[in-house]
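Okay, structure first, notes after.
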Amino acid sequence: MTKMTKLLFQSLLVCAFAFLVFVGSAVAAQQTVQPPAPTVKPVPDKPEKGTDRVTLVSVQLEGTDGLGARLGTQLKDRFNRSSLFTLTAEEKDAPKLLLLLSTTPEFPSRPGIGSVYSICWVFSQGKGYLGYLLARDLGTVTPEDVDALTDKLVERTDGVAAKYENLWR
């Protein structure tokens, strides 16, 4: 080979190498380009009823004391306002979670002092089906504790509904 051919061959190799480096860096730059960030949807001010998990709930109250009646009414009101629950009539023939709330005065001679409550969470498939006991609770409540107890019972109801959500399918 002549000197001129060697020189031409070497310059072609250098050009080819430079071209490969240029193409490689362009491909690498193209791969590192991040896609545009998705636009963020604003969070609504008012929560909407979700369709993922809405539980039909019915509260059945048994008792003669005013404090127990107040607890039962507050439970119904809280379920009615919640986006996780739909308060339904006891007669409706659909799968639902029954809350059986029984109350009595703690001291019969002083009915306003406190109340003893018992609550059972029962799954009902519908009219004519036997209920299935899911959970239960027992305790006392004073007039000052009704709001906190209502929150606790609603939270527990949500936990029971989530734990046994396969029953509503």
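The values are calculated or read from the model by the stated rules, or taken from the named source; none is laboratory data. Just so you know, these numbers come straight off a predicted model, no measurement behind them. Heads up, the Cβs are rebuilt from the backbone with ideal geometry, glycines too, and the neighbour counts pull from every protein chain shown. For the accessible areas, the whole protein counts, side chains as well, though only heavy atoms, and no ligand, DNA or RNA atoms are used. Shrake-Rupley method; radii C 1.70, N 1.55, O 1.52, S 1.80 Å.
Scanning the stretch 81-93 for residues that are within 14 Å of GLU155 (Cα to Cα) and in contact with a strand residue (DSSP E or B) (Cβ under 7 Å, 6 or more places away or on another chain) gives LEU84, PHE85. Just one residue in the set GLY159, GLY139 is over 16 Å from LEU100 (Cβ atoms) and surrounded by fewer than 16 Cβ atoms within 10 Å (Cβ to Cβ); that residue is GLY159. On the stretch given as the stretch 129-160, residues that are hydroxyl-bearing (Ser, Thr, Tyr) and outside any helix (DSSP H, G or I) total 4. Listed conditions (1) more than 24 Å from the chain's Cα centre (by Cα); (2) surrounded by 12 or more Cβ atoms within 10 Å (Cβ to Cβ); (3) within 19 Å of LEU56 (Cβ to Cβ); (4) of a type in the set (Asp, Glu) are all met by ASP145, apart from (3). Residues that are surrounded by fewer than 16 Cβ atoms within 10 Å (Cβ to Cβ), at pLDDT below 90 and farther than 16 Å from SER58 by Cα do occur in the stretch 97-107, at least one of them. What are the residues in the stretch 59-94 that are of a type in the set (A, V, I, L, M) and free of Cβ contacts under 8 Å to residues at least 60 places away in the same chain, if any? Result: VAL59, LEU61, ALA69, LEU87, ALA89, ALA94.
The condition (being under 22 Å from ALA162 (Cα atoms) and either at pLDDT below 90 or not in a strand (DSSP E or B) (or both)) is satisfied by just one residue among GLY68, GLY112, GLY126: GLY126. Do we find a residue being open to solvent by 40 Å² or more (accessible area, probe 1.4 Å), assigned to a helix (DSSP H, G or I) and touching a Ser or Thr at 6+ places or on another chain (Cβ under 7 Å) anywhere in the stretch 78-91? Yes: the stretch 78-91 contains one or more residues that are open to solvent by 40 Å² or more (accessible area, probe 1.4 Å), assigned to a helix (DSSP H, G or I) and touching a Ser or Thr at 6+ places or on another chain (Cβ under 7 Å). Just a yes or no: is a residue in the stretch 33-51 modelled with pLDDT of 90 or more and outside any helix (DSSP H, G or I)? No: zero hits.
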